[in-house]
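Down below is the structure, laid out as structure tokens.
Every number here is computed from the coordinates shown, using simple stated rules; none is lab data. Note that the structure is a prediction, hence the values are computed from the model and not measured. Heads up, the Cβs are rebuilt from the backbone with ideal geometry, glycines too, and the neighbour counts pull from every protein chain shown.
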Amino acid sequence: MATPTLTLMFDHQAARVLADLSAVRQVGPHLWLGCDEGGALERLTILGDRAADHSSYPIGAFLDLPHGVEEEIDIEGIAYSDHYLWFIGSHSTKRKKPQPDETPEANWDRLSTVEREENRYTLGRIPLVEGTLSMQCPHPLRPDQILQAAQLQRKKSGNQLTQVLATDPHLGPFLTADIPGKDNGFDIEGLAVVGDRLFIGLRGPVLRGWAVLLEIAVKDNDDGYFKLKKLVGKQRYRKYFLNLQGLGIRDLCPWGDELLMLAGPTMALSGAVQIFRQPLAALVPEQPFLTPTLVQTLPHGQDCDRAEGLTQFTQGDQPQLLVVYDAPSPDRIGSNGTSVQADLIPYNP
């Protein structure tokens, strides 16, 4: 039986967006999407068996990015909580790819070149009220509370999160050595917000088969920035190791009292993509090693159809999971080149 799909229809930016989808979240009648390229959040309106009416919101219009709007953010996670749309960049460096039309000498140099782009080190939130993003606005239910666009405190290199993780015994060596994400380096690819808990999923590093999930909480500075709260003593993050059968986290999605995890290969490989579930109540510092339950294995292609975004999708009475793909196969792309198919996956916890 064919997997049910939802057609995502884009307009003037279709070529940039539909081939590089990396994050998705449903909020009411809209889908919010992020992609590997550029620095904008994309909005589609759900209309039956399709999502259309494309609008694009450049993040640089709401936040002060270190390298302006020209450099990509590499958005890898989107979350929603209490009228804020949250998003996170990969926080990773990248290695140049060899090119088939280059000389061996040129490709030797390309493969030895590691690039760092500061816009990628962004964790931010933007007020979202009635389907529209804004720099600042009153909370719709608590008018005396002002919602304000903000981001995690920046440092000269990276941000406060990478600063505190630089001395972590497990993750610090990957950060200080600037190991690229696609080389099993530090690479964020999932974000979920549950109350005041922010969960950050790492695609890499995977350590002897164990994936890493981080938990943080933040407090406002009232200057367009927020900073990490102290959780226990002086510690500003919690760390969990997850047995995802050797895979890294590709996205996170809250579902009731569970956290769903989309998992896939940490490096540039074509391989198994699976969905796992983990009770939120079991995410406690006393038990940092966990084995989430496998829910489903998703289809994948060879160098295509890499599942990267997962969201609870509600239309009518039957909640489902919606999965979007990076590098979609030609069969997913519409004949006019402006639409792509996302998969709808039944889920009955």
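What to note about this one:
- When you restrict to C-alpha pairs under 8 Å that are six or more residues apart and normalise by the size of the range 15-74, the relative contact order lands at 28 percent.
- Close amide-amide hydrogen proximity is noted between residue 27 and 32, each under 5 Å apart and 5 or more residues distant or on a separate chain (H modeled in the peptide plane; Pro and chain starts excluded).
- Over the range 1-100, relative contact order from alpha-carbon pairs under 8 Å, at least 6 apart, %: 24 percent
- Here the extension length gained between residue 45 and residue 272 equals 78.6 nm, from 0.36 nm per residue of separation less the Cα-Cα distance.
- Amide H contacts of residue 266: 248, each under 5 Å away and 5 or more positions distant or on a separate chain (H built 1.01 Å from N in the peptide plane; Pro and chain starts excluded).
- Fluctuation leader among 102, 189, 70 - the chain, Gaussian network, Cα springs under 10 angstrom: 102
- Within a Gaussian network of the chain (alpha carbon springs, distance under 10 Å), most fluctuating of 33, 85, 290: 290
- Segment residue 222-residue 114, extension gain: residue separation times 0.36 nm, minus the distance between their alpha carbons: 35.3 nm
- Applied to the range 78-85, the Karplus parametrisation 6.51 cos²θ - 1.76 cosθ + 1.60 on θ = phi - 60° returns per-residue 3J(HN,Hα) values of 10, 9, 9, 7, 6, 6, 10, 9 Hz, with x for Gly and Pro.
- Förster-model FRET efficiency, 35 Å R0, residue 335 and residue 55, C-beta, rounded to 0.05: 0.90
- Linear extension gain, residue 82 paired with residue 166, 0.36 nm per residue minus alpha-carbon span: 27.1 nm
- Distant-in-sequence amide contacts of residue 338, defined by a placed amide H-H separation under 5 Å and a gap of 5 or more residues or a different chain, comprise nothing.
- Residue-averaged 222 nm ellipticity for the chain, from DSSP H runs of 4+ at -39500 (n - 2.57), nearest 500: -1500 deg cm²/dmol
- Mean separation of Cα contacts under 8 Å, 6 or more apart, over the residue count of the chain: relative contact order %: 16 percent
- Listed residue pairs exceeding 19 Å between alpha carbons, taken from 94/227; 156/219; 156/227: 94/227; 156/219
- Cα-based Rg of the chain normalised by 2.2 N^0.38 Å, two decimals: 0.94
- Alpha carbon centroid spacing (whole Å) that separates the range 280-314 from the range 316-349: 17 Å
- Cβ-defined net charge surrounding residue 334, 15 Å radius [Lys, Arg +1; Asp, Glu -1]: -1
- 3J(HN,Hα) along the range 104-119: x, 5, 5, 5, 4, 5, 4, 6, 9, 9, 10, 10, 10, 10, 5, 4 Hz, from the Karplus curve 6.51 cos²θ - 1.76 cosθ + 1.60 with θ = phi - 60°, whole Hz, x for Gly and Pro.
- Integer Hz, Karplus 6.51/-1.76/1.60 couplings in order for the range 223-236, x for Gly and Pro: 9, x, 10, 10, 9, 6, 7, 7, 8, 9, x, 9, 6, 10
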